[in-house]
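Input: a single structure, listed below in structure tokens.
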Amino acid sequence: MTTTTRTRKAPVGGLALELTLYLDSDWHCGTGLGVPGGVDKVINTDHDGLPFVPGKTLTGVWRDACELVAAALDSSAATSAGTSTGTATGTATGAAGGWHSWVDFLFGSQPVLTGADQPAQHEPRPAAVSVRPARYPAALATALRPIGRRPLRDAATFVRPGVKIDPRTGRAADAFLRFEQMARSGAQLTATATLAGWSHAGTGTGLDDDGRRAAAAVLLLGARMVESIGGKRRRGAGRCRLEVTEAAAADPGDTPLPTLASLVGWLRGRDGVAPPVPTAPVEDSTSVDPDHPGETGWEIIDLRLHLDTPLVVQDRTVGNAVRSLTFVPGSLLLPAVLRRLGELPGWDPAGLARAGTLLVTNATVEVDGAAGRPLPRTWFHPKEDTAAAVNRLVDDPREPGAAAKPYKDNYVGAAPTVATVAVRRPERTIHTHNVIDDARQRPTSALVGLYTYQALAAGTVLRAQVRVRAGLLPKSADAALAGTWALGRSAKDDYGQVSVTVDGPPKQLPAAAEVQSGLDDKTTIIVWLLSDVLIRDKRLRPSTDPVVFAEQLGAALQVPLTLTANKSDDSGDSDGSDSSDSSDGLLRRVTATRRAESWQRSWCRPRPTLLGLAAGSVLTFTADRHPSAEKLAAVQAGGIGERTAEGFGQIAVNDPLLVMRPGRLDDGTERSDEDDDDNDNDNDKAETDDRAEAKSAMPFVPPREKAAYAMAQVIEREAWRAHIQREAVAVAATNEGRATVLGFVTGRTNGSVNPTQLGRLRDVLTRLEEKDEITYWLSRLSADGWPSQVRVTLKELLTQKPEKSEESKVWSHLRLGPKHGASVAAGLILTDGGADRLRADTELWAEAVRTLVTNCLTAHRRALTNHAGSTGETTGDVTR
């Protein structure tokens, strides 16, 4: 049979670009959230805890700059045309101009900007440019990743206060003090971008020579126009420069990225007139459905998916929030699999998928090195203890509330060989975005405004399988599937970047052995739905009736099945599930339904709703005889119902996990709670371990990474400054600490230091960098009546390198000295030799002395006042 379909071609022959973003001032790309009672605006951080520029933000700023370039070029072309015909128009062509069409080609059309009374005239066009987030250099991010370097990660940002100015009075308005978290200036962030369709112009799927020059001109000139990014960019924050270079072409011999100088000459030669924009590539693809092979077995390719960025797998939209599933449906993976396998010569995977001889399972969270399976809905837990699982298929707890709550979004591995069952629940994160109104330059409710994405967290590991009938899989199929995929919603910028690896070469799917249900009755068949099942009744209507499912499963197994009789069928759960108790109190059937909403991306139209039995449902049947192993293997491998190529219809029959008593589950959280208790009881041991970790070998940023090395030095210095502030307050808080620093103790009579002398000490702190003045002031201490012990102490403190000592005393006071037993300096450096360099920094040394002495003097004055108040004396002219 021959099938003809009309589909959009996948972009081929892409050009990889390297983007370098230089941040010349402090910047803020926020989350829209805050910390109550602390920070009003929190900066956006990645999975390493480091600030970054989201791909959406970078794309939006770059597009805005390219629109300015397009407006200028269209205006230039219109002026040139008017001059040549004797008519000086001098007006820009606006959004309808040729260069604006190139902006739409590069960054995609914007249907949301079309008014409600102005329907779109053309099919929405996808973006040819995909921009990823701009992050810290890899060498610096690796060095900052260890747990012991949390203070260094914190030093990459700071909190800046701000106020609102009252326009009437010109002063700060009342109750408008705010605190905003900012990222430090001097950062050099890197990002990657891909320009699809750069080559293969002869095949109709790429750009020709003029098209490449036009695309490069818009992108490179637009990059030159990028001046600021992020919040408060019109008030000095986020000043930046964007540099675009070519990383590597997709194919050898492709045309390189033109230089900006050559593009300027090309534009002048054309008088600024834009070449035509290529039409969206569409082909008539004709494929022949293959004959079914003689073999009945299956070959499988195990896929391991590591989420490099968060992944949005849309479940439903609630208001302005997009909810995400906890798994990746096979319907989302199948197009990517077909696209990659379709590149192999002489093979048509799409035809195999239509024939039911190729399928992709859902990608679920990894549990014990294998794909997780949705927890059976017959498992329940007490309200306050999710680890105490009860299998209601085999147990009927008599204690009230022992099995009150069903599990949700949990996955279990294979039947365990040990007593503890491991379960995992994928982590999901929330991300806030907005759409900027070009006219008002801020989010507005009329133009989408604020919206949030729920996504699977970056770093999550998922597992899936590609199954193909034995004898059909070509060579190198496993190698074709490995690489970086773009999946899910918003996959061209901040989301959906997935690294896919293949676990070895394809292997045969093991045949299902004849397994009994584990119950006394050998004719009982227990079915566990591993994915949603789509079935239709005799009238071809979507059905969730277990009786209809029994009919279709029995037909596939060639064994008549009867749904187990229940004594009470009127019980049900509020989540749409159906739980049927038998006379012995056991749940023989627990089912739920799920609606799957899908979307036609090309035309932005919804597809029909898919309604079926939900994954995790458990049904019990009785049969006249046990089904044959061949039929059972065929159903479990190929699935049952509709759309099995997309992962629907996967089931397990008589799995040992269904009849086991799980007991306490290992959900990965109890161990963490025990560790927290141990840490609370062993604080001294924890501090010792932290110091040992800080002193142990941690990755340093090598000097050859110039950008990362320069940023590492800035972060080191700021981390030391933050530590100096904290430690100075701690030292000044006690009499003993102040005595060590200043040489005298508040309230003692071991030598008098009057307020005038302390005032002179404060004054000299402002001139610590002037060595001659400090030397002269120290030489006058004896003549000015300073006690001898105070003179010795101050001389050691105010001299950067005292005699008979390698380092100033200030570093020992602040636990930053090289020979201090409790030194934390090793945990506050990112470069080899960074601690010695910072101790030798005169400016930092002066700041440390100034901060420490000022805090001690302030605390001394406060303590003296309190001491005088408690004794009924006045402070007078002398302090002790």
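The values are calculated or read from the model by the stated rules, or taken from the named source; none is laboratory data. From a predicted model like this one, the values you see are computed outputs, not experimental measurements. FYI the Cβ positions are ideal-geometry reconstructions off the backbone, even for glycines, and counts take in every protein chain you see. Protein only, heavy atoms only, side chains kept; ligands, DNA and RNA dropped before computing areas. Shrake-Rupley method; radii C 1.70, N 1.55, O 1.52, S 1.80 Å.
Within the range 527-552, track down each residue that is assigned to a loop (DSSP other than H, G, I, E, B) and either in contact (Cβ under 8 Å) with a residue 24 or more places away in the chain or at positive phi (or both). It would help to see each step written out before you state the result.
Taking the range 527-552 and keeping what is assigned to a loop (DSSP other than H, G, I, E, B), we get 530-532, 534, 537-541, 544-545.
Leu530, Ser531, Asp532, Leu534, Leu540, Thr544, listed by residue number.
Taking the range 660-686 only, how many residues are open to solvent by less than 90 Å² (accessible area, probe 1.4 Å), at negative phi, at pLDDT 50 or above and not in a strand (DSSP E or B)? Write out each step before concluding.
Just the residues of the range 660-686 that are open to solvent by less than 90 Å² (accessible area, probe 1.4 Å), to begin with: 660, 662-663, 665-670, 672-679, 682-683, 686.
Still in the list and also at negative phi: 660, 662, 665-667, 669-670, 672-679, 682-683, 686.
Subset that is at pLDDT 50 or above: 660, 662, 665-667, 669-670.
Going one step further and asking which of them are not in a strand (DSSP E or B), we end up with 660, 662, 667, 669-670.
So the answer is 5.
Going by the structure shown, is Val701 modelled with pLDDT of 75 or more, buried (at least 17 other Cβ atoms within 10 Å of the Cβ) and out of contact with any Ser or Thr (no Cβ under 8 Å at 6 or more places or on another chain)?
No.
Among the residues of the range 153-161, is there at least one that is more than 30 Å from Thr279 (Cβ to Cβ) and part of a helix (DSSP H, G or I)?
Initial filter on the range 153-161 (more than 30 Å from Thr279 (Cβ to Cβ)): 153-161.
Still in the running and part of a helix (DSSP H, G or I): 153-154.
Yes; the residues of the range 153-161 include at least one that is more than 30 Å from Thr279 (Cβ to Cβ) and part of a helix (DSSP H, G or I).
Quick check on Gly49: is it among the small types (Gly, Ala, Ser), closer than 30 Å to Gly162 by Cβ, modelled with pLDDT under 95 and open to solvent by 10 Å² or more (accessible area, probe 1.4 Å)? Break it down into steps so the answer makes sense when it comes.
Values: among the small types (Gly, Ala, Ser): yes; closer than 30 Å to Gly162 by Cβ: yes; modelled with pLDDT under 95: yes; open to solvent by 10 Å² or more (accessible area, probe 1.4 Å): yes.
Yes, satisfied.
Report, by residue number, each residue of the range 227-240 that is on the phi < 0 side of the Ramachandran plot and surrounded by fewer than 15 Cβ atoms within 10 Å (Cβ to Cβ). Please lay out each step first, then the result.
Let us first name the residues in the range 227-240 that are on the phi < 0 side of the Ramachandran plot, namely 227-229, 231, 233-235, 237, 239-240.
Glu227, Arg234, Arg235 - these are the residues of the range 227-240 that are on the phi < 0 side of the Ramachandran plot and surrounded by fewer than 15 Cβ atoms within 10 Å (Cβ to Cβ).
Looking only at residues in the range 387-407 that are in a loop (DSSP other than H, G, I, E, B), crowded, with 20+ Cβ neighbours inside 10 Å and not basic (Lys, Arg), which one is modelled with the lowest pLDDT?
First pass over the range 387-407, keeping only residues in a loop (DSSP other than H, G, I, E, B): 387, 392-404, 407.
Right, trim to crowded, with 20+ Cβ neighbours inside 10 Å and you get 392-393, 403, 407.
From the residues that got through so far, the ones that are not basic (Lys, Arg) too are 393, 403, 407.
Numbers: Leu393: 89, Ala403: 73, Tyr407: 91.
Checking each candidate, the answer is Ala403.
Which of the residues that make up the range 708-738 are open to solvent by 10 Å² or more (accessible area, probe 1.4 Å), in contact with a Ser or Thr (Cβ under 8 Å, 6 or more places away or on another chain) and not polar (S, T, N, Q)?
Tyr709, Val731, Arg738
I'm told Gly351 meets every condition in (1) in contact with a Gly (Cβ under 6 Å, 6 or more places away or on another chain); (2) of a type in the set (Gly, Ala, Ser); (3) under 27 Å from Ala596 (Cα atoms) except one. Can you identify the failing condition by its number?
For Gly351, the failing item is (1).
For residues that are closer than 15 Å to Thr245 by Cβ and either surrounded by fewer than 18 Cβ atoms within 10 Å (Cβ to Cβ) or at pLDDT below 90 (or both), tally how many sit in the range 191-204. Reasoning before the result, please.
Our first condition is that a residue be closer than 15 Å to Thr245 by Cβ; within the range 191-204, this holds for 191-195, 198.
From the residues that got through so far, the ones that are either surrounded by fewer than 18 Cβ atoms within 10 Å (Cβ to Cβ) or at pLDDT below 90 (or both) too are 192, 198.
Of the residues in that region, 2 qualify.
Within the range 774-797, can you find the residues that are of a type in the set (D, E, K, R) and either out of contact with any helix residue (DSSP H, G or I) (no Cβ under 7 Å at 6 or more places or on another chain) or surrounded by 13 or more Cβ atoms within 10 Å (Cβ to Cβ) (or both)?
Residues of the range 774-797 of a type in the set (D, E, K, R): 780, 784, 791, 795-796.
Result: Arg780, Arg791, Lys795, Glu796.
Anything in the range 417-439 that is within 30 Å of Leu58 (Cβ to Cβ) and more than 19 Å from the chain's Cα centre (by Cα)? List them, or say none.
Val435, Ile436, Asp437, Asp438, Ala439
How many of the residues in the range 602-644 are over 27 Å from Leu586 (Cβ atoms) and either without any contact (Cβ under 8 Å) to a residue 60 or more places away in the chain or among the hydroxyl-bearing types (Ser, Thr, Tyr) (or both)?
Number of matching residues: 8.
More than 19 Å from Ala486 (Cα to Cα) and of a type in the set (Ser, Thr, Tyr): does that describe Thr357?
Details: more than 19 Å from Ala486 (Cα to Cα): yes; of a type in the set (Ser, Thr, Tyr): yes.
So Thr357 passes the test.
Here are some residues: Leu657, Leu619. Which one is on the phi < 0 side of the Ramachandran plot, crowded, with 21+ Cβ neighbours inside 10 Å and not β-branched (Val, Ile, Thr)? Don't jump to the end; show me each part of the working.
Working: Leu657 fails: crowded, with 21+ Cβ neighbours inside 10 Å.
Testing whether each residue is on the phi < 0 side of the Ramachandran plot, crowded, with 21+ Cβ neighbours inside 10 Å and not β-branched (Val, Ile, Thr) leaves just Leu619.
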